[in-house]
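Asks: Input: one structure, supplied below.
The values are calculated or read from the model by the stated rules, or taken from the named source; none is laboratory data. Please read these numbers as outputs of a predicted model, since none were measured by experiment. Here the Cβ positions follow ideal geometry from the backbone for every residue, glycine too, while neighbour counts run over all protein chains shown. Just so you know, the surface numbers come from the protein's heavy atoms only, side chains and all, with ligands and any DNA or RNA stripped out. Shrake-Rupley method; radii C 1.70, N 1.55, O 1.52, S 1.80 Å.
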Amino acid sequence: MESTGTVLRELRGAQKTAKGVSLYSRYVNRPAGRVFAAGAYRMGLTPNQVTLISAVFTFTAVASVALVRPSWGLAVTVYAGLAVGFALDSADGQLARLTGRGGPDGEWLDHVVDCAKMILVHTAVLISFQRFSVLPSAGWLLLPLGFLFTAVLTFCAGLLREQLGRAVARPAPDDGASAPVSRMRAVALLPADYGVFCLVFLLLGDRTAFRVGYAALAVVHALFLVAFLVKWFRELKALRTED
């Protein structure tokens, strides 16, 4: 079997484009996922097995938010579980491209786990608010519900944009492969990156700080949702016009 170093080099050559990816995913999550993918390859794991391992880390961390009283120890544990789960979520796709064992079933499973993750993490925050926090008002319980709505709508609308665009778009000339990736765009996308969202759970030891940080991210994600919906609608409308 190939050495870990050889596998890592092959994985570096099988990366997705960096276009539309935040700095966190490009420089933190994908490299971490590459290491996990190399380890999974050496262990003989399949991409679907890596997806399920990712789900175990993520859902264990999410359950802890709902079931355990907030503390600084919990904050570190939850963040670690979410971050490792996110890196493994990158590793399954990298392993699939390396081994050629990807397929519709793997893509479906990955999306199902991602959707469940978005629903459960905000539900867990809602439960934690209700069980463990002394809130300024009951209206704060609406915050996780609003964040949940924003996250799921962004996920579903983005997935539909991708699928519908793929179905009707004409092949584009191959002139963008070498185009430089905008670093400004990569920085601007940081607040919408799931990896950055995970960082807010490091504030769980201070319930007020966590609530404020979570609320700030909810507002930012809502603004991104509006911008994305306008952008995706215009792109799909332009595809119809081309026909």
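Asks: Over region 65-116, consider all pairs of different Cα atoms and compute the Kirkwood hydrodynamic radius from their mean reciprocal separation; express it in Å, one decimal.
Replies: Computed over region 65-116, the radius equals 12.8 Å.
Asks: Using the per-residue mean of other Cβ atoms lying within 10 Å as a proxy for protection, in what order, highest first, do the peptides 78-86, 220-228, 22-30, 90-98 fall?
Replies: On the way: 78-86: 21.6, 220-228: 15.1, 22-30: 19.6, 90-98: 24.3.
The most tightly packed comes first, giving 90-98, 78-86, 22-30, 220-228.
Asks: Right, next: What whole-number value in Å² describes the accessible area per residue of the chain for a 1.4 Å probe? It would help to have the intermediate numbers written out before the result.
Replies: Numbers: 13090 Å² over 243 residues.
Per residue, the chain has 54 Å² of solvent-accessible surface.
Asks: Still on this structure: How large is ³J(HN,Hα) for each residue in region 153-168, as worked out from phi by the Karplus curve 6.51 cos²θ - 1.76 cosθ + 1.60 (θ = phi - 60°), to whole Hz, x for Gly and Pro?
Replies: 5, 4, 4, 5, 5, x, 5, 5, 4, 5, 5, 5, x, 5, 6, 10
Asks: Cut-off 10 angstrom, C-alpha nodes, Gaussian network model of the chain. Which of S54, S182, S64 fluctuates the most?
Replies: For the chain, modelled as a Gaussian network with Cα springs under 10 Å, the answer is S182.
Asks: Over the chain, what is the mean sequence separation of C-alpha contacts under 8 Å (at least six apart), divided by residue count, expressed as relative contact order in percent?
Replies: Values: 250 pairs, mean separation 67.4, N = 243.
It rounds to 28 percent for the chain.
Asks: Given a 1.4 angstrom probe, I'd like the percentage of the accessible area of the chain that is carbon and sulfur, rounded to a whole number. Provide the component values of the computation, followed by the final result.
Replies: Working: 8820 of 13090 Å².
Percent of accessible area from carbon and sulfur atoms in the chain: 67.
Asks: Over all directions, the average projected area of the alpha-carbon convex hull for the chain comes to how many nm²?
Replies: Details: hull surface 57.7 nm².
Hull-based average projected area comes out at 14.4 nm².
Asks: Still on this structure, I have one more. Please list V219, V65, V134 from largest to smallest accessible area, probe radius 1.4 Å, with all protein chains kept in place.
Replies: Details: V219 90, V65 5, V134 135 Å².
Result of the area sort, largest leading: V134, V219, V65.
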